[in-house]
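> Let me give you the structure first, and then I'll get to my questions.
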Ligand SMILES: [Zn+2]
C-alpha cells in the first residue's frame with residue numbers, strides 16, 4: 001500500500017535526483033510547515049516534473065508526496081486528497097478549482113463515496129458517440 005511521505009520536503013530544494021520522486025504519484029503542497037494542505041496535484045510520469053511547476057511559486061513552501069504504480073492509481077489518490085481537502089485547498093471546487101481529470105484514455109473512476117464527476121464524463125463520451133455524423137449518413 002502506498003503511503004504519503006511522513007515528513008514535509010522543502011519545495012525550493014526539490015531534488016531531481018531523488019529516485020522516489022521520478023515516479024508517478026500525487027503531491028500535496030503547503031504554505032507553512034504546520035499549516036493545512038493548500039494544493040493537490042499529480043503527475044502520471046514523474047512527481048518531480050509535476051511539482052517542478054510550483055518550485056518558484058512563492059505561495060507554496062513545502063510538499064509531501066505519495067508514489068503510485070500507475071497514472072490511474074495516482075488519479076484515485078489525487079481524487080481522495082482533493083475531496084477531503086476542500087476546506088483548505090487553493091484548487092478546491094469553491095475556489096475555482098476543478099475535480100481532478102482522469103488520465104487520457106483511462107476509464108478509472110473517482111473512488112470517493114458519492115462523487116459523480118466520472119458519471120458526467122461517461123455521459124459526455126456517450127453523447128459524442130451517439131452524435132457521430134459519420135454513422136448512418138454514409139449509407140444514404
Ligand atoms: Zn471525485
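Readers should treat all values here as calculations from the given coordinates under stated rules, not as data from a laboratory. What you see is a predicted model; the values in this text were computed from it and never measured. In this analysis, Cβ positions are derived from the backbone assuming ideal geometry, glycine residues included, and neighbour counts consider all displayed protein chains.
> Rounded to the nearest 0.05, what FRET efficiency do residue 46 and residue 116 give with R0 = 30 Å and r taken as the Cβ-Cβ distance? Could you check?
Details: r = 31 Å, r/R0 = 1.02.
Result of the calculation: an efficiency of 0.45.
> Shape verdict for the stretch 9-137, please, from the Cα gyration tensor: rounded (a/c under 1.5), prolate (a/b greater than b/c) or oblate.
Numbers: a/c = 2.54, a/b = 1.82, b/c = 1.39.
Cα axes put the stretch 9-137 in the prolate bin.
> Follow-up question, since we're still on this one. Once you put a point 7 Å from the Cα of residue 31 and another 7 Å from the Cα of residue 72, both along the Cβ direction, what distance in nm separates them?
Spacing of the two 7 Å Cα→Cβ label points: 3.7 nm.
> Among 28, 80, which comes first, then next, by fewest other beta-carbon atoms within 10 Å?
80, 28
> How would 19, 14, 4 line up from fewest to most surrounding beta-carbon atoms within 10 angstrom?
Details: 19 10, 14 17, 4 14.
The fewest-first ordering by Cβ neighbours comes to 19, 4, 14.
> Just to confirm my numbers, what's the Cα centroid distance between the stretch 1-58 and the stretch 69-107 in Å?
15 Å
> Something else now. Suppose a student asked you for the relative contact order of the stretch 9-137, using Cα pairs under 8 Å spaced at least 6 residues apart; what percent would you report? Please report the intermediate quantities before stating the final value.
Values: 208 pairs, mean separation 29.6, N = 129.
So the answer I get is 23 percent.
> Binned at 5 Å from 0, what are the whole-percent values of the Cα-Cα distance distribution for the stretch 35-102, short to long?
Bins of 5 Å from zero give 3, 17, 27, 27, 20, 5, 0 percent of pairs.
> Also, quick follow-up: Could you list 26, 40 in order of exposure, starting from the residue whose Cβ has the fewest other Cβ atoms within 10 Å? Working shown, then result.
Working: 26 28, 40 24.
Result, fewest neighbours first: 40, 26.
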